[in-house]
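Step one of this worksheet: look at the structure below.
The values are calculated or read from the model by the stated rules, or taken from the named source; none is laboratory data. Keep in mind that what you see is a predicted model, and the values were worked out from it rather than measured. Note that each Cβ is placed from the backbone with ideal geometry, even for glycine, and that neighbours are counted across all protein chains shown.
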Amino acid sequence: MTAKKPLRSTLTSALQVPFLRNILLITLFSAALMPIYGFFISHPQYEQLLVRITEDEAARVARHLSQVLHEDGTDVSQDRLPSGFAAHAQEIKSDFQLVKVKVFSREGVVVYSTAAPDIGKTNEHAYFKEIVARGQVFTKVARKETRTAEGQVMDADVVETYQPIMV
């Protein structure tokens with residue numbers, strides 16, 4: 001009958017072998033680097049991908065709403081929205097899990113919104129005047145409990161996207 005070697009003795013003798021010691025050190029080093037890689041490289045790239053996907057989705061929704069708004073080729077005003085547009089916008093809001101759908105005039109006046117109190121207000125924020133009114137997309141990631149570009153505090157992380165429709 002042979003006596004078993006204690007675990008500590010086995011581990012100590014394994015660490016005496018350079019090859020095994022190097023494998024252990026490389027494994028420990030890799031395990032320590034994985035969270036750092038995830039936090040500083042993988043997570044930001046994933047967030048950028050989500051923002052791009054959200055921008056693309058917003059552009060598709062905006063193009064669709066643009067076609068619905070301009071069916072007859074005339075300009076849209078607060079008192080002249082196509083029939084059924086409000087129901088269609090509510091359906092899109094629900095289908096795409098949007099927080100809000102707004103239609104602005106070129107001057108920034110809210111012509112339509114799924115949040116009725118917003119209708120008639122003018123968007124005076126810098127992002128609108130400097131970016132959206134000039135035909136560029138504006139996107140901002142609003143973290144939970146932080147303010148959006150319009151000053152609203154969100155209860156979850158959201159990607160706020162403004163897609164201009166220039167006709």
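Check Val68, Val132, Val101 and return the single one that is within 13 Å of Tyr162 (Cα to Cα) and touching a helix residue (DSSP H, G or I) at 6+ places or on another chain (Cβ under 7 Å).
Val101
For segment 112-167, enumerate the residues that are farther than 24 Å from Glu47 by Cβ and modelled with pLDDT under 85.
If the condition is that a residue be farther than 24 Å from Glu47 by Cβ and modelled with pLDDT under 85, then Gly135, Ile165, Met166, Val167 are the ones that fit.
Quick test for you: out of Phe96, Phe85, pick the one residue that is aromatic (Phe, Trp, Tyr) and within 15 Å of the chain's Cα centre (by Cα).
Phe96 is the lone residue from the list that is aromatic (Phe, Trp, Tyr) and within 15 Å of the chain's Cα centre (by Cα).
Looking only at residues in segment 104-129 that are of a type in the set (Phe, Trp, Tyr) and in contact with a helix residue (DSSP H, G or I) (Cβ under 9 Å, 6 or more places away or on another chain), which one is farthest from Gln163 (Cα to Cα)?
This residue is Tyr112.
Of all residues in segment 99-112, count the ones that are among the β-branched types (Val, Ile, Thr) and under 18 Å from the mean Cα position of the chain (by Cα).
2
List every residue pair whose Cβ atoms lie under 8 Å apart, where the two residues are 6 or more positions apart in sequence or sit on different chains, the first residue falls within segment 18-32 and is surrounded by fewer than 10 Cβ atoms within 10 Å (Cβ to Cβ), and the second residue, located anywhere, is modelled with pLDDT under 90 and not in a helix (DSSP H, G or I).
Once the first residue is surrounded by fewer than 10 Cβ atoms within 10 Å (Cβ to Cβ) and sits in segment 18-32, no partner that is modelled with pLDDT under 90 and not in a helix (DSSP H, G or I) comes close enough.
Give the residues of segment 19-75 that are over 17 Å from Ser105 (Cα atoms) and β-branched (Val, Ile, Thr), sorted by residue number.
Across segment 19-75, the qualifying residues are Ile23, Ile26, Thr27, Ile36, Ile41, Val51, Ile53, Thr54, Val61.
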